Amino acid sequence: MLPKRTVTMADAAAYGLIVVQGHGTFGTLGISAPTMIRFGEMTEDELFVSEAAANNGVRIENRSDTDPLVILKHFGPGNPDAERLRRR
């Protein structure tokens, strides 16, 4: 997502995500891709989104002035959207 942009994303199933570049907010949580992680430190780069939250939509905001926000989502088996695409 481009800098200073906001989007609300809705999905049909629960998913996990990893932030690989940038920083911002995901719902009410701060997210960021770490440049260095020390042993024992908490990071803001991995989240799980429940099916209810995914269905309702989650507001994502890129708070950077210059950098894109890049998020990779991973879904489990049985995702209705994936099943629909597979049948095409």
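Observations on the structure shown:
- Solvent-accessible surface (1.4 angstrom probe) belonging to HIS23, in square angstrom, nearest 10: 80
- Where only DSSP H runs of four or more residues are counted, the chain gives -3500 deg cm²/dmol as its mean residue ellipticity at 222 nm, each run worth -39500 (n - 2.57).
- Taking amide H positions as modeled 1.01 Å from N, with prolines and chain starts lacking one, the residues under 5 Å from ASP45 and 5 or more places away or on another chain are SER32.
- Residue-wise HN-Hα couplings along the range 44-58, as the Karplus relation 6.51 cos²θ - 1.76 cosθ + 1.60 with θ = phi - 60° gives them from phi, are 10, 10, 10, 9, 10, 10, 5, 4, 4, 5, 4, 5, 6, x, 10 Hz; Gly and Pro carry x.
- Potential extension, ALA53-THR28 segment - 0.36 nm per residue separation minus Cα distance: 7.8 nm
- Across the chain, the relative contact order, built from alpha-carbon pairs under 8 Å that are at least six residues apart, equals 46 percent.
- Answer label, with P(r) over Cα pairs in 5 Å bins from 0, in percent calculated from the coordinates and candidates (1) 3, 11, 12, 12, 11, 11, 13, 12, 8, 4, 2, 1, 0; (2) 3, 11, 14, 16, 13, 11, 7, 6, 6, 6, 5, 2, 1, 0; (3) 3, 14, 22, 22, 17, 12, 7, 2, 1, 0: (3)
- Under 14 Å, Cβ to Cβ, from THR6 - net charge with Lys/Arg +1 and Asp/Glu -1: +3
The values are calculated or read from the model by the stated rules, or taken from the named source; none is laboratory data. Being a predicted model, the structure only gives us computed values, none of them experimental. All Cβ positions, even for glycine, are placed from backbone atoms using ideal geometry, and neighbour counts span all protein chains on display. In case anyone asks, the SASA skips ligands and DNA or RNA and just uses the protein heavy atoms, side chains included. Shrake-Rupley method; radii C 1.70, N 1.55, O 1.52, S 1.80 Å.
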